[in-house]
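Below is one structure; the comments refer to it alone.
Derivation of every value follows stated rules applied to the coordinates shown; laboratory data play no part. Keep in mind that this is a model prediction, so the values were computed, not measured. Heads up, the Cβs are rebuilt from the backbone with ideal geometry, glycines too, and the neighbour counts pull from every protein chain shown.
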Amino acid sequence: MSQTVKKLGKYDVDWQHFSLQDFLELRWRLLHDYDAVLPGGEYFGQVRCGDICYDIQIEWLEAEGGEIAAKDSEAPELELFVTMSPFFPHEKEAANAPYEELVPDMPYDTQRGASLVYARHVFLQMGYEDFQHLAEQDMAGKIAAFPRLQQEAAKMTGFWDRHDAILCRLRQEEEEKGEREDTEE
């Protein structure tokens, strides 16, 4: 078993797409440049468990208790959180519509209530291995709570490897097209 793959009960958790370097970059961002994080958040990597892909991002979310940002403002106070949202292949017979496809003919879904959320100050207290351990324990709890996640964690179809390879190719083609257009002008 690879150093990046760990056992989580009967499931394998693959950390190869969120390395120590990714962790340190995220940590640096939270410590030194968090005010520049865009409203939609920023992506830092992913952890895979079977056919579940947990995207790791930092996002501005409403603070616990919904404190008010300013006396005359009705906008909630936002705080920075590290989030891990689960995604998995869309089933054709599913009642819900899939997420917008990044790769043609490869739709995917998420499970409401299954994201892992860590406050900035909590994340900053952890080292890489501490974060891995906490995230793995929290993933195990979420997978146990949702039958669809149990089903997807038990699969190993290679969906995300194929998805990412095609997405990289599409982005490369788009970049090359943009470079050609720039040289033609």
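So the label point goes 7 Å from the Cα of VAL5 along Cα→C-beta, right? Which residues of region 131-160 then have their backbone N under 14 Å from it?
154-159
So how do 162-175, 20-33, 127-140 stack up, highest first, on mean other-Cβ count within 10 Å?
Highest to lowest by the protection proxy: 127-140, 20-33, 162-175.
What FRET efficiency would be calculated for the residue pair SER19, ASP161, taking the C-beta separation as r and a Förster radius of 25 Å, to the nearest 0.05?
With a Förster radius of 25 Å, E is 0.90.
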